[in-house]
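In what follows, a single structure is set out as structure tokens and then discussed.
The values are calculated or read from the model by the stated rules, or taken from the named source; none is laboratory data. Only a predicted model underlies this, so the values are computations on that prediction, with no experimental measurement involved. Methodologically, a virtual Cβ is constructed for each residue, glycine included, from the backbone with ideal geometry; neighbour enumeration extends over all protein chains shown. Heavy atoms of the whole protein, side chains included, go into the accessibility calculation; ligands, DNA and RNA do not. Shrake-Rupley method; radii C 1.70, N 1.55, O 1.52, S 1.80 Å.
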Amino acid sequence: MKTSKSILGLVALTLTASLFAGCSSKESDAPAAPGAADSTPKGEITVITQRTDIVDTVFQDYAKKFNEKYPDIQVNFEALANYEDQIKIRMNTNDYGDVLLLPTSIPLADTPTFFEPLGSMEEMSKQYDGLEEREVDGKAYGLPITINYSGVIYNKSVFEKAGYSEPPKTIEEFMQVLQAIKDKTDAVPLYTNYAAGWPLTQWEAVLTTVAGDKEYVNVKQPNTDDNFVPGAPHYELYKVMYDAAKNGLIEEDPTTTDWESSKADLANGKIGTMVLGSWAIGQIKGIAPNPDDIGFMPFPTNAKERIVPLADDYTLGINVNSENKEAARAWVNWFINESGYPTTEGGGISPVKGAELPEILKQFEGTDIKFETQTPAEEKQKGLVDKIDKDAEIGLWQPDFKKTIIEAGIGNRPESYDDIMKGLNDAWVKSRAKVGAAE
């Protein structure tokens, strides 16, 4: 799982009605491992993963199933608790496994220094979506382990006890549901995970939904001085957080929240909703007494178009220094095409073209909800939002101002919501003028 801004790396994928009607991928569609057509990959490989929670259970089962097809390949696993930092240190040497997730800290241009090309974009893009994040000179270097989507994960049984059988669409309806959960159940309506901090950054991932415009984040946002004013997407998005805190619709003591226990509490009906990416769905369903109780809905919006943003999770690649690249490629192909990880443990959408959608998304077939990637920035403005954000010290993908909003909402700070938004917008305007002039 990735919990930073890197979750929103752009991918060339749009879920349309035709994709919703897609069929299951076939094993024959998977690209063959390197080497002669009749060769049998052999050797020992090390796969490095960030999934410390399932490396000794699910991944061991994967290895057994993999060996049914490739009996002459021995697969070893290493799980890193702090993946980005630990793998970056390992990559100062040639010893960083055979198969691993491409760290987001590695500049795109440096990718060929560390990773083996998986094939040309022209050929690979016929079979997979989401390759653009690690494309260099027309070659693909990583396959997405899943395509994430972001919104609200909720407990259906809690909603039903509150008197709602269908998820709300608008912000006003959502606030009514939260109030009903408070009034009619013992569950926490909206759990913020304030103490953990990083879950608050997940709210920024649904900005596209609130805007109802896939061009807003990268194309329109860097060209406006009205980023946090009333009516603007940022203002409307975080007003939900503030109002929920002010009206007692979040956890009683936000300073004592705990991420791991919150997953269990949502699974068990002690929490009604959490704003998260799809990567969390599998984790929550996995510990739920009734997995069918766990649902997904788009973040509420008053926009005309209802858009759920899509983006790559980590991409999987091969160490350019591996002595068993054929065996490593066999694992990459099998893991993406046959393990089922992208839609189960990964919790998202398979990057394999034509793959069947996860069950949790089939409810949206034939609806007005669009699953789309954000429009990329124009060439001359690539990275501009990040530059403005960094100069202004706003922290769009940091928890700080979200914590300030919650603290103000529960009365622990004197500022009003409008005070906070004005401060953010003033900083944005000043830095946009400064950074824009320096471009």
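If the limit is 25 Å between Cα atoms, which of K246/K422; K402/K430; K169/K214; K285/K402; K169/K430 go over it? Going by Cα-Cα distance, K285/K402; K169/K430 fall outside the 25 Å limit. Principal-axis analysis of the Cα atoms of the chain puts helix 233-246 at an angle of about 70° to the longest axis. The phi torsions of segment 96-113, fed into the Karplus equation with coefficients 6.51, -1.76 and 1.60 and a -60° offset, translate into couplings of 9, x, 9, 10, 7, 7, 6, x, 6, 7, 7, x, 3, 5, 8, 3, x, 5 Hz, rounded to whole numbers, with Gly and Pro shown as x.
When the surface is traced with a 1.4 Å probe over the full set of protein chains, Y164 keeps roughly 70 Å² accessible. For I294, the residues 5 or more places off, or on other chains, whose built amide H falls under 5 Å of its own are K156. When the trypsin sites (Lys or Arg not before Pro) in segment 290-343 are filtered for DSSP coil states and for at most 14 other beta-carbon atoms within 10 Å of their beta-carbon, the remaining sites are K304. Size descriptors for segment 314-413 (Cα atoms only): Rg and Dmax, in that order, 20.7, 60 Å.
Candidate cross-link partners of K126 among the lysines, defined by an alpha-carbon separation under 23 Å and a same-chain spacing of 8 or more, comprise K26, K139, K325, K353, K370. So what does W203 come to for accessible area, using a 1.4 Å probe and Å² rounded to 10? Per-residue accessible area (W203): approximately 10 Å².
Value of Rg to Rh for segment 45-115, rounded to two decimals, is 1.01; Kirkwood radius and Rg both from alpha-carbon coordinates. Taking all protein chains as shown and a probe of 1.4 angstrom, V229 keeps an accessible surface of around 40 Å². Ratio of Rg to Rh for segment 140-192: 1.20 [Cα atoms; Kirkwood radius as inverse mean 1/r over pairs]. Here the Karplus relation 6.51 cos²θ - 1.76 cosθ + 1.60, evaluated at θ = phi - 60°, turns the backbone of segment 279-290 into coupling constants of 4, 7, 4, x, 5, 6, 4, x, 10, 7, x, 10 Hz, with x for every Gly and Pro. How long are the semi-axes of the equivalent ellipsoid of segment 155-269, defined as square roots of 5 times the Cα gyration tensor eigenvalues? Whole Å, largest first. In descending order, the three semi-axes are 27, 17, 13 Å.
Karplus-derived 3J(HN,Hα) values for segment 50-55, using 6.51 cos²θ - 1.76 cosθ + 1.60 with θ = phi - 60°, are 9, 8, 5, 6, 10, 5 Hz; glycine and proline are entered as x. With the highest mean first, a sort of the peptides 372-381, 45-54 on other beta-carbon atoms found within 10 angstrom per residue produces 45-54, 372-381. Under a 5 Å amide H cut-off, with hydrogens placed 1.01 Å from N, I271 pairs with V188, L266 among residues at least 5 apart or on other chains.
Quick check: Cα centre of segment 183-231 to Cα centre of segment 156-172, how many Å? After rounding, the separation between the Cα centres reads 20 Å. If you find the alpha carbon centre of segment 40-102 and of segment 326-379, how far apart are they in angstrom? About 21 Å separates the Cα centre of segment 40-102 from the one of segment 326-379. Under 13 Å of direct C-alpha separation, and excluding same-chain neighbours fewer than eight residues apart, K184 reaches these aspartates and glutamates: E160. For the chain, the relative contact order is 27 percent, taking Cα pairs closer than 8 Å that sit 6 or more residues apart in sequence and dividing their mean separation by the residue count. Working from Cα positions, state the angle (0 to 90°, nearest 10) between the long axis of helix 325-337 and the longest principal axis of the chain. That works out to roughly 40 degrees. Annotation: amide H of Q74 within the under-5 Å range of G43, E44, I45, sequence separation 5 or more or interchain, hydrogens built in the peptide plane.
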